[in-house]
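As structure tokens, the structure follows; a few thoughts come after it.
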Amino acid sequence: MASENATFNDVIKLNIYMVNGCDLAVGLKSFKETIGEMEKPPLITVLKVAGLTNPLCLIEIDAIAVVEEREDCME
């Protein structure tokens with residue numbers, strides 16, 4: 001996101017993949033502590049999965065952000 005000058009305020013959708021057995025409430029609390037309260041929170045989809053590609057990971061998050069095209073990129 002940094003390469004496009006995007007922030008979490010530009011995020012419109014989050015997909016959160018959690019390994020079965022992870023506590024959703026704990027994950028949400030950590031997210032709020034890290035990101036803080038958002039004026040316009042994105043649409044959030046949480047999926048419980050059997051496992052992730054890296055077996056050491058318990059959660060994976062991908063985000064979709066929308067940012068306006070910068071004028072310097074249009075030249």
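The values are calculated or read from the model by the stated rules, or taken from the named source; none is laboratory data. Values in this document were obtained by computation on a predicted structure and should not be read as measured data. Don't worry about glycine lacking a Cβ; one is built from the backbone with ideal geometry, like all the others, and counts go over all protein chains shown.
Any chance you could count how many residues in region 8-30 are of a type outside the set (Asp, Glu), on the phi < 0 side of the Ramachandran plot and free of Cβ contacts under 8 Å to residues at least 12 places away in the same chain?
5
Which of the residues that make up region 1-15 are in a helix (DSSP H, G or I), out of contact with any helix residue (DSSP H, G or I) (no Cβ under 7 Å at 6 or more places or on another chain), modelled with pLDDT under 90 and not small (Gly, Ala, Ser)?
Passing the criteria: Glu4, Asn9.
Taking the options Leu58, Leu24, Leu52, name whichever one is touching a Cys at 6+ places or on another chain (Cβ under 9 Å), surrounded by 11 or more Cβ atoms within 10 Å (Cβ to Cβ) and of a type in the set (A, V, I, L, M).
Leu58
Are any residues in region 23-54 modelled with pLDDT of 90 or more, farther than 30 Å from Glu69 by Cβ and touching a strand residue (DSSP E or B) at 6+ places or on another chain (Cβ under 7 Å), and if so, which ones?
Passing the criteria: Val46, Leu47, Lys48, Val49, Gly51, Leu52.
Looking at region 1-21 only, could you name the residues that are surrounded by 10 or more Cβ atoms within 10 Å (Cβ to Cβ) and hydroxyl-bearing (Ser, Thr, Tyr)?
Thr7, Tyr17
Of the residues that sit in region 16-73 and are part of a helix (DSSP H, G or I) and acidic (Asp, Glu), which one is nearest to the chain's Cα centre (by Cα)?
Within region 16-73, the match that is nearest to the chain's Cα centre (by Cα) is Glu33.
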